[in-house]
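Throughout, read-outs are computed from the coordinates displayed, never taken from laboratory work. Note that the structure is a prediction, hence the values are computed from the model and not measured. For neighbour counting, all protein chains shown are included, and Cβ atoms are generated from backbone atoms with ideal geometry for every residue, glycine included.
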Amino acid sequence: MHSDHSLPSTLDLFAGEDRQPARTEQIGEQSYVLRGFALPWVARLLPALEPVLLQAPFRNMATPGGFTMSVALSSCGTLGWTTDRSGYRYTRLDPLSDQPWPEMPAVFRELAQAAAMAAGFSDFMPDACLINRYLPGAKMSLHQDKDERSYAAPIVSVSLGLPAIFLFGGLKRSDKSRRVPLFHGDIVVWGGVDRLRYHGVLPLNEGHHPQLGAQRINFTFRRAG
Ligand code: MD3
Ligand code: FE
């Protein structure tokens, strides 16, 4: 059994004059990595994920350019992100089933809201949770998240399973990007001036995670509509 990070420790004491605990890493003006924040939630997240994936299985979608994404996607919530030859968009129906996307489990929304709050964004009301599955070799090229109606809300991203190297760029594609390792249980919150920064994920390395096996699963919570 892994250690229980829900127990308070000296690492969780608030640092200096700031409201951020010591395990929070600020990576941009309004961007934060909350190390291990999701660990106490994993035992409730994984069972809630199962029926979502039965209803809306992972699939490798086509891009407008005619490639197939190496990351497999699903979604839950009112809106799900999809791509095909005609473009990127949010839809109310899963194109695979022509049925509404699975409902967002309450424990998903509660975690996203708690993480947003911890990073200083109150009243985050996500209506979309994109679920990304990375198998070894899968990657996400540098891009911006621009398909949402408004950029006012933050984005909350939960990393589970194998570690990955996240690329955190600037507002122009050519801006230098920094590499941020993300581990099982880490949450990243972006908002405000950092909302449109370019970002991506390097190809996933082989490995085995005790709970998730040879994969990384990422939940990305957004206010899309
Ligand atoms: C940084 N997913 O689904 S976390 C995506 O780990 C996506 O699966 C990655 O990028 C993953 O679009 C990275 C999500 C993320 C979302 C929005 C951002 C990172 C961001 C906005 C600005 C900067
Ligand atoms: Fe993205």
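Considering only DSSP states other than H, G, I, E and B, which trypsin sites (Lys or Arg not before Pro) in segment 102-199 qualify as loop sites with at most 14 other Cβ atoms within 10 Å?
Here the sparse-neighbourhood loop sites are Lys146, Arg149, Lys172, Arg173, Lys176.
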For this session: Report ³J(HN,Hα) in whole Hz for each residue of segment 100-111, in order, from the Karplus equation J = 6.51 cos²θ - 1.76 cosθ + 1.60 where θ = phi - 60°; Gly and Pro get x.
Result: x, 4, x, 4, 6, x, 4, 5, 5, 4, 4, 5
Exercise. With the contact rule set at Cα under 8 Å and sequence spacing of 6 or more, what percent relative contact order holds for the chain?
Worked result: 23
Problem set entry | For Thr78, residues with placed amide H under 5 Å, excluding near neighbours | Met104
Seminar exercise, completed: Here the net charge surrounding Ala214, from other residues whose Cβ is less than 14 Å away from its Cβ (Lys, Arg +1; Asp, Glu -1), is +1
Problem set entry | Helix-only [θ]222 nm of the chain, DSSP H runs n ≥ 4, -39500 (n - 2.57) each, per residue, nearest 500 | -4000 deg cm²/dmol
Exercise. What is the spin-label model distance, in nm, from Asp84 to Thr63 if the labels are put 7 Å beyond Cα along the C-beta direction?
Worked result: 1.9
For this session: Count the net charge of all other residues whose Cβ sits under 9 Å from the Cβ of Val201, scoring Lys and Arg as +1 and Asp and Glu as -1.
Result: +2
For this session: Would you please state which residues of segment 108-146 a label at Leu196 would reach in this model, taking the label point 7 Å out along Cα→Cβ and a backbone N cut-off of under 16 Å?
Result: 143-146
Seminar exercise, completed: Quotient of Cα radius of gyration and Kirkwood radius for segment 72-180, i.e. Rg/Rh, equals 0.95
Exercise. Using alpha carbons only, how many degrees (0 to 90, rounded to 10) separate the axis of helix 42-55 from the longest principal axis of the chain?
Worked result: 10
Exercise. With charges only on Cβ, +1 for K and R and -1 for D and E, what is the dipole size of segment 23-222 about its Cα centre, in debye, rounded to 20?
Worked result: 540
Problem set entry | Cα-based shape type of the chain, given that a ≥ b ≥ c are square roots of the gyration tensor eigenvalues and the cut on a/c is 1.5 | rounded
Seminar exercise, completed: Taking a label point 7 Å from the Cα of Ala114 along Cα-to-Cβ, the residues of segment 202-225 whose backbone nitrogen sits under 19 Å from it are 218-222
Exercise. Counting other C-beta atoms within 10 Å, which of Ser74, Ser174 has the fewest, and how do the rest follow?
Worked result: Ser174, Ser74
Exercise. Nearest 0.05, what FRET efficiency do Glu50 and Lys139 give at R0 = 45 Å with Cβ-Cβ as r?
Worked result: 0.95
